[in-house]
Amino acid sequence: MPAQWLSNSSDIPGRANAALGSTLHALTRPTRLRQLRWGLVLLLALWALVAASRLLWNLVPTAEPEVTGAVDIINPVKPAASGESVATVDIQRMVSWHLFGEAGVAPAETVEPSPAAAAAGSRDGIEEGARETRLELTLRGVVASTEDGLGHAIIEHRKRQAVYAVEDKLPVSGDVVLAKVMPRQVVLDNGGTYELLTLFEDTELDAQLPPGGSPPVAPQVGQSPRLEQRDDAQTTALARSFRDRLYQDPQSLAEVVSISAVRVDGALQGYRVSPGKESQQFEQLGFKQGDLVTGINGIALNDPANTMRLYQTMRTASEAVFELERDGEALSISVQLENGGIQ
C-alpha cells in the first residue's frame, strides 16, 4: 500500500500538467474563446448598469424622515422653584475691585535707590568683625574721609607710598581693593573677606616732631623778605578753610591752586604754583603766578620722603610759613591757621 501511494504521489505533477494542457487547448478553440469573450462583455455591462443606477439614485433629492417617536433629552433645564433663593452677582462691587487697574490713573512709579546710595549702604558696618590684615601694607594717612566711607588714603607697600580711593586695587597679590575709609583706619576687601588696616602710631616721623606739633624752622643765612598775612582775619579764615579741605576733600583744592614739580638735572627743587579757577583767593594768600615753593614750616620740599612728614605737621600746625622763590629772589609768606587743627 505505501509503495502504491508513493507512485500515485509522484504522478501528481504529470497529471496536473496534462489537465492544464487540455484546458488551455479547449480555450484556444474558436467556439470556446468566443463564448468566454461574450461572458466578460456581459459581466462588464451588468457592472456599468448597477453603477449608473446608484449614481442616479444619489442625485435624486429625498424627503427627510419625520421623527414620530418622543426624543429623550439629556440633562433637561429645570426651572427654579418659587420658594428657593437665587444667588445674584453684584456687578458694581466687582467693578470697584479694579482687577485690571483703574482707568485714567497713571501707574505708580517705582523709586529705585541711586547707585551712590546703594553703594553707601553696602559699606555700612563692614568693619564690624573684620580682623587686622596680614598683608604687607601700612596706612600712612587718611587724606579724606566722609560719613559714607568714601575718601582717599595714603598706603605704603614695600617703601612706596601712593594715594588710593575707594574701589582702587592695592599693589599686592590677589584681588585686594580699598573698601572703606575711616578717620583712623581703612577696610580692605581681600577676595570677599573684609580686613582692617589701622593708621600707624608713634613712628620715627612723630619722634622728630617737638611737643608743640610744629618742627623748628631751619636757621636761615640772612633774612629773606617776609610777607606777613597773620594779622589779616580774612586771610586766616581762608587759610584755615584750605587746610580743612586738604584733609577732607583734597581734590577741591585744584580750583584754587595748580601745583607742578620742578626738577633741575633730575633733582627735585620744589613745586611751582599757579592760580586755578579762584584766582582771587590765590592772590589773597599772598601768592603770585609762577612762585616756586621750596619749603613749608622748615620742611624742605626737595625730598619726596618729607611729604608724609609735612602732611602730619600741617594737621595740628597753628601757622604756615611758605619759603619760595619769586623772580629769582627768596621770599617767605606767613599765614595764621589758629590752634587745634583737624582732629
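Each value in this text was obtained by applying a stated rule to the coordinates, not by laboratory testing. Source: prediction; values computed, not measured. As a convention, Cβ positions derive from the backbone with ideal geometry for all residues, glycine included, and neighbour counts pool all protein chains shown.
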Read phi for every residue in the range 173-184 and hand back ³J(HN,Hα) as whole Hz from Karplus 6.51 cos²θ - 1.76 cosθ + 1.60, θ = phi - 60°, with x for Gly and Pro. 5, x, 9, 10, 10, 7, 9, 7, 10, 10, x, 10
Sticking with the crude label model, points 7 Å out along Cα→Cβ, report the distance from T88 to I12 in nm, one decimal please. 9.5 nm
Quick check: pseudo-label points 7 Å beyond the Cα along Cα→Cβ at A19 and W57, how many nm apart are they? 4.0 nm
How would the range 126-201 be classified by its alpha-carbon gyration tensor: rounded, prolate or oblate, with rounded meaning a/c under 1.5 and the a/b versus b/c comparison settling the rest? rounded
Tell me the label-point distance for the pair A233, L42, using the 7 Å Cα-to-Cβ offset, in nm and rounded to one decimal. 14.9 nm
Indicate the gyration tensor shape class of the range 208-336 (rounded, prolate or oblate), computed on the Cα atoms with a ≥ b ≥ c the square roots of the eigenvalues: a/c under 1.5 is rounded; otherwise a/b larger than b/c is prolate and the rest oblate. rounded
On the formula 1/(1 + (r/R0)^6), with r taken between the Cβ atoms of R245 and D303 and R0 of 25 Å, the FRET efficiency rounded to 0.05 is 0.50
